[in-house]
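Written out below as structure tokens is the structure these notes cover.
The values are calculated or read from the model by the stated rules, or taken from the named source; none is laboratory data. Here the structure is a predicted model, which is why all the values come from computation and not from measurement. Note: ideal-geometry Cβ built from the backbone for every residue, glycine included; neighbour counts use all protein chains shown. Areas reflect the complete protein model, heavy atoms only, side chains present, ligands, DNA and RNA absent. Shrake-Rupley method; radii C 1.70, N 1.55, O 1.52, S 1.80 Å.
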Amino acid sequence: MKVRPLNHFSSAIAALALCAISQAQLTSPKQFFGHDIGADYQLPNYTALSKYFQTLAKQSDRMVLQSIGKTAEGRDQLMAIVSSPANIKRREEYRKIAEKLCRAEGLSDAEATKLSKEGKAIVWIDGGLHASEVLGAQQLIESVWQMVSRKDEEVMRILDNVIILFTHANPDGMDLISDWYMQEEDQKKRNTRVPRLYQKYIGHDNNRDFYMVSQNETQNMCKIMYRTWYPQIMYNHHQTGPRGTVMFCPPFRDPFNHNLDPQVITGTDLVGLAMHNRFIAENKPGVTMRSGAPYSTWWNGGLRTTAYFHNMIGILTETIGSPTPSAIPFVASKISPKGSIMFPIEPQQWHFRQSIDYSITANLAILDLAAREKEHFLKGIYTMGHRQIALGSKDTWIDYPTRAESAESFEALRAPEFRSPRAYILPSNQVDFSTAVRFSNALLHTGVVFQKTKAPFSFGGKTYPAGSLVVRCDQAFRPHVLDMFEPQDHPNDIPAPGAAPIPPYDSAGYTLAYQMGVKFDRVFDNVTGDFEKVTEPMAELPLPSKPLTAINDSYKWAFEELAKGRPVFQSKDSFSSTAGTLELKPVRVGLWDHYGGSIESGWTRFIFEKFSVPFKVVYPKQFQSNDLRKDFDVLVFVDKAISSTRTQREPNTTGIPEKYREMLGSVNAETAPFLKKFLDDGGTILTVGASSSLAKMVGLNLESILTENGKALPREKFYIPGSIMQVKVDPTAPLAWGLDELVDMMFDNSPAFKPSADFKTIASYPSAKTLRSGWALGQKALKDGVAIAEAKVGKGRLVVFGPEIVYRSQSHGTFKLLFNGIIQANAK
């Protein structure tokens, strides 16, 4: 007998029945984990989360689970795509609509309006980025469960109109932190004081990598955000909230970055206020905003902040809570209602599940708004992109605060020389083009469109060779392009005349092209030619037949050749296998670290591995040896590795297993005699930032230039937080081989020194105005100050680097200083 197909109505009934059966068979978190999410003293790990998500993906037609790439330790980084079954089936169609609207290329307003009606809002919700902030990852579990299991009207409306990207931001860290917490049998002794960084190389700085995009996890997430799904709203969960509150939630405080599209700011405020409104409606007090916390929208580089430069609404919350019960303390300034906290909370005991509930409310507030106003958000991201494309194709000006304050008239601000570029050209014949390629790959990872020239071409009276790179500004992500090439001009954020400045949330100036030492030309007319679009990261370039000291990769070659036992010579301009000024020898490097992991040391470890520097991690107690010279030729102390404290404090060993206690301690005055002997015996010590305090400890004269009447300059008179300063180096000094005479360096509240007879000056601040990007209050105090110096100590040498020469693996332009300091240690 021939079986007749079901008609359309019957098919729908059958599908609903199957859906009902499927939803009825969903496994709840309590069934899977044995407790509710947020239960006191319970902390599931990433392995369990992965298995639970796999279980739900098999049971629910509202969810698709995918790996977005591998982590640093080789785990699959998971993203759960959640929406209605119908949307799940058509998700590629909706993804393409989101891409078209975000890119805004070749679309008319009418077409964009049509696509906005057809499309679905795309909302990114993440968790777990900072693994010790355990709430973020746990709320992901509860959020996914609720969105695949609930059948109420609100959730069904959300599922019909929104595609949610639930993304885990740090799988490796969740396993480490959760396993560590749960290993203690006595629940009340459980803690998260892990012995190492919770992301392999960079720990907490995994939220500082989103324009450099150097780490696996960052690359995975940026590919989803800026090259695949293009969410209109993204929500980045963090911990912990300001004292006396439960949560910080936008709107943010000023200033906002001058490169941002203003609709990003109003959109972020709109979403943030909808969240506040819902908290109050649900009788959930204690959520603060604006000046209630230090967060702003100035700095690029964080998971939610980089989104702003891509016309995406970025939401950050910082929420209290821990599986170990805690308390909300009494804070007088947070107990009375005002603009920054409209619904204060009374002091009380607090449980983790309450934080989970606040997180769910926050998620639902965003999702409900996105569902109700999906066309608004879809059309909005198009409008911003379209506006940026238009701005990038004509003469425009950015009214930088410093320039505006000194201008005699508005007409002066519109001088032709103050125009914003329409494009940037990176010549392929610059000496270290391989670093320029790395810079361009970072742009590509963040979705920036650029092109490669197929043949030599001329523009603006200059001829560029084939393979040069062209980054045009007539693209939707123009704010990010400008932010990576142009200086930031952070306004003086001073609450009252004579008061100390308010610190920025992170760096005030960070222009990546400056940090990396990339050579580029600004172009003020539309540039076209026989170019090809670059769509995938470019391969690393081979070294020239004669490795040059100006090329970072030459040092990788030299370290590898030495490791193979082959001869290597270095001269001012190049390396050689046959002859040169210095005959190099293999080196053994000790890199300081401590219990819990130093972020600065982790970044340095990452750089060492990338450039084949031979090293071993050394902990504080291991430096207290008279035999250091037998094991090491070079010791590297990153910023804050050396304490100026005169006595050794007894470390807190509570909750730390015996096998990890050898990692405890600090390097201070009690360690100095051992380091002095290491120097006397012919060793080299390299210090960065505050670790320059070692100089005095080993008997050298090195005084700060940033003083007045014998005391450190107060912040009211001198303040340079995370900004780029221009330094003049002695290019003839072997330590500075490969550098230009003027070099951009990251100054992060760094030390600067008076010239000293005990030290040879390698780099100094040549004028009263050396700021290149950021904020430098009282910078004239640096004039003639020493930035980098070296001293002979016995048979060895001590090098002090004031600025951050390897800052977050971004400052490729100054890596050579560290590499020279290491590779020349045993030179003859």
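Considering every residue within the stretch 467-482, establish whether at least one is in a loop (DSSP other than H, G, I, E, B) and of a type in the set (Lys, Arg). The answer is no; no qualifying residue exists.
Of the set (1) open to solvent by 30 Å² or more (accessible area, probe 1.4 Å); (2) out of contact with any Asp or Glu (no Cβ under 8 Å at 6 or more places or on another chain), all apply to residue 569 but (2).
Scanning the stretch 541-566 for residues that are under 26 Å from residue 616 (Cβ atoms) and open to solvent by 40 Å² or more (accessible area, probe 1.4 Å), we see that the one that is nearest to the chain's Cα centre (by Cα) is 556. Do the conditions hold for residue 649, that is, is it open to solvent by 50 Å² or more (accessible area, probe 1.4 Å), modelled with pLDDT under 95 and under 21 Å from residue 692 (Cα atoms)? Criteria met by residue 649.
Scan the stretch 600-618 and tell me whether some residue there is farther than 24 Å from residue 748 by Cα, of a type in the set (Asp, Glu) and open to solvent by 40 Å² or more (accessible area, probe 1.4 Å). Yes: one or more hits. Does the stretch 359-374 include one or more residues that are more than 16 Å from residue 147 (Cβ to Cβ), at pLDDT 95 or above and open to solvent by less than 10 Å² (accessible area, probe 1.4 Å)? No - not one qualifying residue is present in the stretch 359-374. Selection within the stretch 761-800: residues that are among the β-branched types (Val, Ile, Thr) and under 30 Å from residue 673 (Cβ atoms). The member of this set that is surrounded by the fewest Cβ atoms within 10 Å (Cβ to Cβ) is 761.
The one condition from (1) open to solvent by 30 Å² or more (accessible area, probe 1.4 Å); (2) in contact with a strand residue (DSSP E or B) (Cβ under 9 Å, 6 or more places away or on another chain) that residue 469 does not meet is (1).
The conditions are (1) over 29 Å from residue 602 (Cα atoms); (2) open to solvent by 10 Å² or more (accessible area, probe 1.4 Å), and residue 242 fails exactly one of them. Which is it? It is condition (1) that residue 242 fails. Remark: pairs (first residue in the stretch 652-676, more than 18 Å from residue 190 (Cβ to Cβ) and β-branched (Val, Ile, Thr); second residue surrounded by fewer than 18 Cβ atoms within 10 Å (Cβ to Cβ) and modelled with pLDDT of 95 or more; Cβ separation under 8 Å; 6+ apart in sequence or on different chains) = 671/624.
In the set 248, 279, only one residue is more than 23 Å from the chain's Cα centre (by Cα), open to solvent by less than 10 Å² (accessible area, probe 1.4 Å) and aromatic (Phe, Trp, Tyr); that residue is 279.
Of all residues in the stretch 416-458, those satisfying the criterion of being among the small types (Gly, Ala, Ser) and either in contact (Cβ under 8 Å) with a residue 24 or more places away in the chain or open to solvent by less than 20 Å² (accessible area, probe 1.4 Å) (or both) are 420, 423, 428, 434, 436, 440, 442, 447, 455.
Given the structure, is residue 314 closer than 25 Å to residue 212 by Cα, of a type outside the set (A, V, I, L, M, F, W, C), at pLDDT 95 or above and in a strand (DSSP E or B)? Answer is yes for this residue.
Listed here are the residues, each with its yes/no results for (1) surrounded by fewer than 21 Cβ atoms within 10 Å (Cβ to Cβ); (2) part of a helix (DSSP H, G or I).
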{"site": "154", "(1), (2)": "yes, yes"}
{"site": "173", "(1), (2)": "no, yes"}
{"site": "176", "(1), (2)": "no, yes"}
{"site": "180", "(1), (2)": "no, yes"}
{"site": "188", "(1), (2)": "yes, yes"}
{"site": "192", "(1), (2)": "yes, no"}
{"site": "211", "(1), (2)": "no, no"}
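Residue 528: within 23 Å of residue 395 (Cα to Cα) and in contact with an Asp or Glu (Cβ under 7 Å, 6 or more places away or on another chain), yes or no? When the stated conditions are applied, residue 528 does not pass them.
Just to be sure before I move on: is residue 303 at pLDDT 95 or above, open to solvent by less than 10 Å² (accessible area, probe 1.4 Å) and hydrophobic (A, V, I, L, M, F, W, C) in the structure I sent? It is true that residue 303 is at pLDDT 95 or above, open to solvent by less than 10 Å² (accessible area, probe 1.4 Å) and hydrophobic (A, V, I, L, M, F, W, C).
Checking each residue in the stretch 588-606 for being among the aliphatic types (A, V, I, L, M) and either assigned to a helix (DSSP H, G or I) or closer than 14 Å to residue 197 by Cβ (or both) picks out 591, 599. Every test in (1) buried (at least 23 other Cβ atoms within 10 Å of the Cβ); (2) hydroxyl-bearing (Ser, Thr, Tyr); (3) free of Cβ contacts under 8 Å to residues at least 12 places away in the same chain is passed by residue 317 save one, and that test is (3). Answer yes or no as to whether residue 753 is on the phi < 0 side of the Ramachandran plot and either buried (at least 23 other Cβ atoms within 10 Å of the Cβ) or within 26 Å of the chain's Cα centre (by Cα) (or both). Spelling it out, residue 753 is indeed on the phi < 0 side of the Ramachandran plot and either buried (at least 23 other Cβ atoms within 10 Å of the Cβ) or within 26 Å of the chain's Cα centre (by Cα) (or both). Kindly establish whether residue 489 is open to solvent by less than 40 Å² (accessible area, probe 1.4 Å), acidic (Asp, Glu), touching a helix residue (DSSP H, G or I) at 6+ places or on another chain (Cβ under 7 Å) and within 23 Å of residue 312 (Cα to Cα). When the stated conditions are applied, residue 489 passes them. Can we say residue 466 is over 27 Å from the mean Cα position of the chain (by Cα), more than 30 Å from residue 304 (Cα to Cα) and of a type in the set (A, V, I, L, M, F, W, C)? Taking the combined requirement at face value, the residue satisfies it. Look at the stretch 789-801: where a residue is charged (D, E, K, R) and a partner is surrounded by fewer than 20 Cβ atoms within 10 Å (Cβ to Cβ), sitting 6+ places away or on another chain with Cβ atoms under 7 Å, you get 790/760; 795/680; 795/681; 795/682.
Note on the stretch 339-358: residues that are of a type in the set (S, T, N, Q), surrounded by 17 or more Cβ atoms within 10 Å (Cβ to Cβ) and not in a helix (DSSP H, G or I) amount to 1. Taken over the stretch 85-106, the criterion of being surrounded by 20 or more Cβ atoms within 10 Å (Cβ to Cβ) and outside any helix (DSSP H, G or I) is satisfied by 104 alone. For the stretch 684-717, the candidate set comprises residues that are surrounded by 24 or more Cβ atoms within 10 Å (Cβ to Cβ) and in contact with an Asp or Glu (Cβ under 7 Å, 6 or more places away or on another chain); within that set, the residue that is farthest from residue 785 (Cα to Cα) is 684. If the condition is being in contact (Cβ under 8 Å) with a residue 40 or more places away in the chain, open to solvent by 10 Å² or more (accessible area, probe 1.4 Å) and of a type in the set (D, E, K, R), then the stretch 110-131 contributes 117, 120.
Take residue 580 and tell me if it is modelled with pLDDT of 95 or more, more than 32 Å from the chain's Cα centre (by Cα) and open to solvent by less than 70 Å² (accessible area, probe 1.4 Å). The answer is yes for residue 580. Among the residues of the stretch 59-83, those identified as out of contact with any Asp or Glu (no Cβ under 8 Å at 6 or more places or on another chain), open to solvent by 20 Å² or more (accessible area, probe 1.4 Å) and more than 20 Å from residue 198 (Cβ to Cβ) are 59, 61, 64, 65, 66.
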